[in-house]
Amino acid sequence: SDPGLVERARAAKAALGDRVFVLGHHYQRDEVIEFADVTGDSFKLAQQAAARPDAEFIVFCGVHFMAESADILTTPDQQVVLPDLAAGCSMADMAVLGQVEDCWDALVELGIAGTTVPVTYMNSSADIKGFVGRNGGVVCTSSNAKRALDWAFERGEKVLFLPDQHLGRNTAVLEMGLTLDDCVLYDPHKKNGGLTAEQLTNAKMILWRGHCSVHGRFTLENVQEVRRQRPDVNVLVHPECRHEVVQAADYVGSTEYIIRALDAAEPGSSWAIGTELNLVRRLANAHPDKEVMFLEKTVCYCSTMNRIDLPHLVWSLEELVAGRVPNQITVDADTSRHARTALDRMLALP
Ligand code: CIZ
Ligand code: SF4
């Protein structure tokens, strides 16, 4: 990266000292990760932000819903900065509050809302987390989705799972013994989700029709192809991948799980990883004694994560040095309170 920009980032960080805390998501570019005080997945970063009440500014190198979660979990005095406001998440954008309210109205109409518990993946807007908190539901991550679903099924007969159909289906079918027939797919662009009253009434899992544009690209053919080339390969994928990909893989787990699995892997072992490419490249560099490959042939970055680059980070830090707070992310008090309820229920899961 540009040596001038590297120098400017260093100088601005030094000028701010402990007043700023820079968080870097695992899918961020190397040039950004270099300046992160801590790296992690969305859950770990939210916890880290909350653990730094003395930092005036949290610069969140990640995407919008993560910065919102940081704002919800930090004190009112702390300000959360997203270096590029265009860093959204296509999956989170697939569940808009009005659509989810329409869905809920349909369930009320059918008399089944009272026995339905909403569960939302961390990768959703603060509005959706607020909706879930208000309606007796819980947030989950890719590491605790099973525990969140167990919690929900202790409180209701069915779950409305938002917004990632794959995490919902994979957890229900591969970890909880539900069948594919227990799950229905609710399409927010169709009336009643494109489902009949009978389908909605009989389903145990109502899966929102959302997916990750990065993890959704891995196919069963990718798994078969890498196994043909390297019969001894270990295929390790994220649960945001499609059901048939996860079924065909050897291991499935969150980003933090993938990192730990590589740390624990035998020297000389061979790994094909189905997750975002910035992370896979860093893992390959960190483990020269193991063969670490990308599960796909084509380049597969998260384009919105990649919007945060060194120029945007430098600009944000220099604005803070100049006494201005750029691109501040705030969640209104009412939404924040209900979203916090849903997040706290997750944090209290056994
Ligand atoms: O796909 C993502 O964006 C993930 C896994 C985010 C996170 O850190 O939970
Ligand atoms: Fe959203 Fe997928 Fe990008 Fe994660 S990797 S921020 S889920 S689009």
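Read-outs throughout are calculated quantities, based only on the coordinates presented, and are distinct from any laboratory measurement. As the structure is a prediction and not an experimental result, all values here were calculated from the model. Note: ideal-geometry Cβ built from the backbone for every residue, glycine included; neighbour counts use all protein chains shown.
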Taking springs between alpha-carbon atoms closer than 10 angstrom, which of H287, H338, H64 fluctuates most in the Gaussian network model of the chain?
H287
What does the C-alpha gyration tensor say about the overall shape of segment 228-274? Classify as rounded when a/c is under 1.5, otherwise prolate if a/b is larger than b/c, or oblate.
oblate
Beta carbons within 10 angstrom, averaged per residue: use that to sort the peptides 8-15, 85-92, highest first.
85-92, 8-15
Protection proxy ranking, peptides 185-191, 307-313, average beta carbon neighbours within 10 Å, highest first:
307-313, 185-191
Any idea what Rg and Dmax come out to for segment 156-199 if you just take the C-alpha atoms, in Å?
10.9, 31
Rounded, prolate or oblate: which one fits segment 215-294, using the alpha carbon gyration tensor with axes a ≥ b ≥ c (rounded when a/c is under 1.5, else prolate when a/b beats b/c, else oblate)?
oblate
Cα centroid of segment 131-174 to Cα centroid of segment 47-80, whole Å
25 Å
Quick one: if you take sqrt(5λ) for each eigenvalue of the C-alpha gyration tensor of segment 1-140, what semi-axes come out, biggest first, whole angstrom?
36, 15, 11
Count of Lys pairs (Cα-Cα under 19 Å; at least 8 positions apart or interchain) in segment 92-211:
5
Theoretical ellipticity at 222 nm over the chain - DSSP helices of four or more residues, -39500 (n - 2.57) apiece, nearest 500
-12500 deg cm²/dmol
Which shape class applies to segment 195-350: rounded if a/c is under 1.5, otherwise prolate when a/b exceeds b/c and oblate if not, where a ≥ b ≥ c are the square roots of the Cα gyration tensor eigenvalues?
oblate
Based only on Cα atoms, what mean projected area does the convex hull of segment 92-211 have, in nm²?
6.1 nm²
Between A348 and D334, how many nm apart are label points set 7 Å from Cα along the C-beta direction?
2.4 nm
Which whole-number value in Å³ per residue fits the convex hull of the alpha carbons of the chain?
135 Å³
The answer for chymotrypsin sites (Phe, Trp or Tyr not before Pro) in segment 1-98 that fall in a DSSP coil and have at most 15 neighbouring Cβ atoms within 10 Å is none
